[in-house]
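K.L.:
Have a look at this one.
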């Protein structure tokens with residue numbers, strides 16, 4: 001292993017363990033008309049925290065008539081942030097409606 005690779009590996013390991021007080025501030029913009037009644041903030045992934053990664057993830061949620069998310073599909077965004085956005089939106093609750101709706105949601109991650 002070259003000294004440059006070793007140094008990069010050590011730096012990455014150090015940054016991933018550093019106790020930064022990052023909080024994920026999830027902001028949601030929706031293309032549908034369904035309001036969110038209960039929102040769960042995503043867990044900021046430790047690797048992304050160590051890299052000071054920020055950005056947004058776009059998801060499409062099919063929301064059942066009772067307001068729960070039936071399905072959530074990732075439509076774009078950084079792969080390190082995508083699963084956290086998916087897991088959080090899956091737990092969101094919207095207002096009740098007569099039929100299911102498709103909501104386009106953008107979850108923004110800002111450390």
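K.L.:
Work out, step by step, the length gained on full extension between residue 47 and residue 87: first 0.36 nm times the residue separation, then minus their alpha carbon distance; give nm to one decimal.
P.N.:
Length gained, residue 47 through residue 87: 12.7 nm.
K.L.:
With each pseudo-label sitting 7 Å past Cα toward Cβ, what's the residue 54-residue 99 distance in nm, one decimal?
P.N.:
Inter-label distance under the simple model: 4.1 nm.
K.L.:
Calculate, for residue 68 and residue 35, the FRET efficiency according to 1/(1 + (r/R0)^6) with r their C-beta to C-beta distance and R0 22 Å; round to the nearest 0.05. The partial results should precede the final answer.
P.N.:
On the way: r = 14 Å, r/R0 = 0.64.
Efficiency computed from Cβ-Cβ geometry: 0.95.
The numbers here are math on the coordinates, done by the rules we state, and not lab data. Owing to the predicted nature of the structure, the values given are computational and were not obtained by experimental measurement. Virtual Cβ from ideal backbone geometry, glycine too; neighbours counted across all protein chains shown.
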